[in-house]
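Please read the structure below before turning to the comments.
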Amino acid sequence: MYHIECIECRRKYQADEVIYTCTCGGLLEVVYDYSNIHLTKKDLSGPLSVWKYRALLPVGREPVTLKEGGTPLYRADRIAESVGLREVYVKHEGMNPTGSFKDRGMTVGVTKALELGMKTVACASTGNTSASLAVYGAKAGVPAVVLLPSGKVALGKLAQALMHGAKVLSIRGNFDDALKLVRDLCDREGFYLLNSVNPYRLEGQKTIAFEIADQLGWEAPDRVVLPVGNAGNITAIYKGFKELKRLGIINSVPKMTGIQAEGASPVAQAIKNNTEAITPEARPETVATAIRIGNPVNAVKALIAIRESGGTAETVSDEEIIKAQQELASLEGIGVEPASASSIAGLRKLVEMGIIEKDERVVCVTTGHLLKDSEHVLAVCPKPIEIDATIEAVRKAVFSDQP
Ligand code: AN7
């Protein structure tokens, strides 16, 4: 059994209430009757998938699923050596059905929409959320409406939203404007809001923590490093680890470490300045368009996750992001989009600063696939070398100094 609860005033709501924030304005979370959940490592054996952890998911019907989760945890020794650590892993969430971690949240969120009898699902998005919602809406046979910041969504993500049949609205404004609008739209029209302010969606995303612990032989790593945009994922993963600890399946919770782009870094600034609340950034800007967010809706939860776990938050420049993306691609064969590479850029910076220690076991979460943003690749990589169709020309080009 489970219910919804406000993280500020602890007011409780029934599981079937369609509500996204408390009447006091606080964020909501799903709370289970943990004393009645008797899970052991043995119960959790078998192949990885989001729905393997069903005992800790708030759903009572057949899921709308495309087989999400079960993403690889790669040991990244060459990255570890390059940044100066002993043990680094990459949890590659780009290997989900639509190429990002959002699918974990959407399989749960869209299933919940059906359970609640909702007729239309909606979200604002920097791209990946809209792609995932379009796909799960299609699978469920429920219309999806997505609001995107005009001109700032990577082409692969836009292509997914369009092809899977969402109603795609391009807003003359940024993500924060789009989120405000879609919340208003959902209130007025009774559409089901599937941004990460929806506590059910985050329940799906917490399975990243379950899988990391599972893949490490039911041990938590010392630290998890991940990009932060709207700040849902860091809070979801933290909740996942806390639940495993509470159930006695793991002994510790990792230091949650959030990385933001310099031009969109309200959470990192609040941690650095040790302020209680974030100061929203009115004009967020970064090459990592997925995390081009100035007023993260889950900031309060994220600050708690970072502080309670003894983690931290840091900023990285666009140049550092691009360098990390290229390094991960060429050293490990792992192709990720710029936002995801910020976790590697942040790892390097925090090791250099002496904040991450040499003997820590670190997992970096790479949230989205390289192919999401191929325009960016063409902008930062050398152009293909066009030559005549002769062996002389091929040999000359192969042995030329040009990259
Ligand atoms: C690749 O799609 O917000 O901190 O609307 O696509 O949980 O927001 C995307 C976010 C990191 C940040 N990496 O996660 C959206 C959206 C990638 C992302 C994030 C996003 P949150």
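Please go through the stretch 181-200 and give me each residue that is touching a residue at least 40 places away in the same chain (Cβ under 8 Å), surrounded by fewer than 18 Cβ atoms within 10 Å (Cβ to Cβ) and not aliphatic (A, V, I, L, M), ordered by number.
Across the stretch 181-200, the qualifying residues are GLU189, GLY190.
Matching residues to (1) within 19 Å of VAL267 (Cβ to Cβ); (2) not β-branched (Val, Ile, Thr):
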residue	(1), (2)
TYR192	no, yes
GLY204	no, yes
VAL225	yes, no
TYR238	yes, yes
ARG246	no, yes
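Any residue that is away from the ligand (no atom under 16 Å from the Cβ) and of a type outside the set (A, V, I, L, M, F, W, C) - is there at least one of those in the stretch 179-186? I'd like the intermediate steps shown before the answer.
Filtering the stretch 179-186 down to residues away from the ligand (no atom under 16 Å from the Cβ) leaves 184.
Within this subset, residues satisfying the condition of being of a type outside the set (A, V, I, L, M, F, W, C) are 184.
Yes, there is a match, as at least one residue in the stretch 179-186 is away from the ligand (no atom under 16 Å from the Cβ) and of a type outside the set (A, V, I, L, M, F, W, C).
Which of the residues spanning the stretch 196-240 are aromatic (Phe, Trp, Tyr) and closer than 15 Å to GLU29 by Cα?
The initial filter retains those residues of the stretch 196-240 that are aromatic (Phe, Trp, Tyr), namely 200, 210, 218, 238.
Those that are aromatic (Phe, Trp, Tyr) and closer than 15 Å to GLU29 by Cα: TYR200, TYR238.
Consider THR207 against the criteria (1) surrounded by fewer than 23 Cβ atoms within 10 Å (Cβ to Cβ); (2) away from the ligand (no atom under 13 Å from the Cβ): it satisfies all of them except one. Which criterion is unmet?
Condition (1) is where THR207 drops out.
Name the residues in the stretch 55-86 that are surrounded by fewer than 16 Cβ atoms within 10 Å (Cβ to Cβ), assigned to a loop (DSSP other than H, G, I, E, B) and among the acidic types (Asp, Glu), would you?
Passing the criteria: only GLU62.
From (1) surrounded by fewer than 24 Cβ atoms within 10 Å (Cβ to Cβ); (2) within 13 Å of the ligand (Cβ to nearest atom); (3) over 14 Å from the mean Cα position of the chain (by Cα), pick out the condition that doesn't hold for MET95.
Among (1) surrounded by fewer than 24 Cβ atoms within 10 Å (Cβ to Cβ); (2) within 13 Å of the ligand (Cβ to nearest atom); (3) over 14 Å from the mean Cα position of the chain (by Cα), the lone unmet condition for MET95 is (3).
Restrict the check to the stretch 102-112 and report whether at least one residue is β-branched (Val, Ile, Thr), more than 27 Å from ARG223 (Cβ to Cβ), in contact with a strand residue (DSSP E or B) (Cβ under 8 Å, 6 or more places away or on another chain) and not in a strand (DSSP E or B).
There is at least one residue in the stretch 102-112 that is β-branched (Val, Ile, Thr), more than 27 Å from ARG223 (Cβ to Cβ), in contact with a strand residue (DSSP E or B) (Cβ under 8 Å, 6 or more places away or on another chain) and not in a strand (DSSP E or B).
Identify all residues within the stretch 326-351 that are touching a residue at least 40 places away in the same chain (Cβ under 8 Å) and over 17 Å from THR71 (Cβ atoms); write none if there are none.
Here is the first cut: in the stretch 326-351, the residues touching a residue at least 40 places away in the same chain (Cβ under 8 Å) are 326-329, 331-332, 334-348, 350-351.
Correct list: GLN326, GLU327, ALA329, LEU331, PRO338, SER342, ALA345, GLY346, LEU347, ARG348, LEU350, VAL351.
Which of the residues that make up the stretch 259-275 are in contact (Cβ under 8 Å) with a residue 24 or more places away in the chain, surrounded by fewer than 23 Cβ atoms within 10 Å (Cβ to Cβ) and part of a loop (DSSP other than H, G, I, E, B)?
GLU262, GLY263, listed by residue number.
Values quoted throughout were computed directly from the atomic coordinates according to the rules given, and no laboratory measurement underlies them. Model, not experiment: these values are computed from the prediction. Every residue, glycine among them, receives a Cβ derived from its backbone with ideal geometry; neighbour counts consider all protein chains shown.
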